[in-house]
Amino acid sequence: MSVPQVLAGLRAAERDAGRPAGSARLVAVTKGHTLDEIGAQILPHGPFPLGESRGQELRDKSTQRPELEWHFIGPLQRNKIKYLGRVALIHTIEAVWQAEAIAQAAQGWGHAPDVLIQLHNGEVQKHGVPPHDLPATLAAVQATGLQVRGVMVIAPDERAGADPAGILRVFQETAARAHDLGLPELSMGMSADYPLAVQAGATLIRVGRSLFT
Ligand SMILES: *Cc1c(COP(=O)(O)O)cnc(C)c1O
């Protein structure tokens, strides 16, 4: 697949869901791909936000192309926060200390990235805030001064037995929680499941593999 094919799939998913074209935005996940590959395969099709999940790789790429919109979508370790100085949106806040460290670093950067709070998906895996902790985590992250734009979730893995109905349910529950808290952005859906995410109201889909193969 390629960017035009994913965009066609995205427009079809919006249409099927009765949503306006462009109401879900593609975040092109470019981890592991060089700036040359990104320049050849992604950028000719539009000015997409670019999603990276490794700190040093993001720093190197965003330093060379600071005019592009960089998003961080990986696990936030304390010693990696220094690499995020050119990031517009961090999708993966899952602890208050991460927001505090980013708010502090942002004073040196001269601008603060906006953030999303990552929700746990109910699967046995370690990332994300448990849903019942979301209101308290949101309040504590907002208290750091960072702008919380919404929530992010990674669907349960189909290879680990999740079925489309279960994945859709996780996306719908995530959308309901964000809505209850007045949070507009919903980062959900990857190559394997973005149509379900769009059906549930995703505003940012994070697609990587399908763009480059
Ligand atoms: C790599 C990655 C993606 C993209 O996944 P694909 O299956 O390549 O589309 C999305 N979200 C996160 C958090 C990722 O690490």
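The values are calculated or read from the model by the stated rules, or taken from the named source; none is laboratory data. Here the structure is a predicted model, which means the values were calculated and not measured. For neighbour counting, all protein chains shown are included, and Cβ atoms are generated from backbone atoms with ideal geometry for every residue, glycine included. Heads up: the accessible areas ignore ligands, DNA and RNA and are worked out on the full protein's heavy atoms, side chains in. Shrake-Rupley method; radii C 1.70, N 1.55, O 1.52, S 1.80 Å.
Summary table
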{"quantity": "Candidates Leu186, Leu181, Leu168, filtered to the one that is away from the ligand (no atom under 16 Å from the Cβ), free of Cβ contacts under 8 Å to residues at least 60 places away in the same chain, open to solvent by 10 Å² or more (accessible area, probe 1.4 Å) and under 19 Å from Glu14 (Cβ atoms)", "calculated": "Leu168"}
{"quantity": "Matching residues in the stretch 3-22 - criterion: being within 20 Å of Glu69 (Cα to Cα) and surrounded by fewer than 14 Cβ atoms within 10 Å (Cβ to Cβ)", "calculated": "Pro4, Gly22"}
{"quantity": "Tally of residues being within 27 Å of Val198 (Cα to Cα), open to solvent by 40 Å² or more (accessible area, probe 1.4 Å) and away from the ligand (no atom under 15 Å from the Cβ) across the stretch 44-73", "calculated": "4"}
{"quantity": "Boolean, Gly189 is in a loop (DSSP other than H, G, I, E, B) and of a type outside the set (S, T, N, Q)", "calculated": "yes"}
{"quantity": "Positions within the stretch 139-165 being more than 25 Å from Trp97 (Cα to Cα), surrounded by fewer than 17 Cβ atoms within 10 Å (Cβ to Cβ) and aliphatic (A, V, I, L, M), in sequence order", "calculated": "Ala160, Ala165"}
{"quantity": "Test: residue in the stretch 23-39 that is open to solvent by 80 Å² or more (accessible area, probe 1.4 Å) and part of a strand (DSSP E or B)", "calculated": "yes"}
{"quantity": "In the stretch 189-213, the residues that are within 9 Å of the ligand (Cβ to nearest atom) and over 26 Å from Asp133 (Cβ atoms)", "calculated": "Ser191, Ala192, Tyr194, Val207, Gly208, Arg209, Ser210, Leu211, Phe212"}
{"quantity": "Ala202 being part of a loop (DSSP other than H, G, I, E, B) and crowded, with 22+ Cβ neighbours inside 10 Å", "calculated": "yes"}
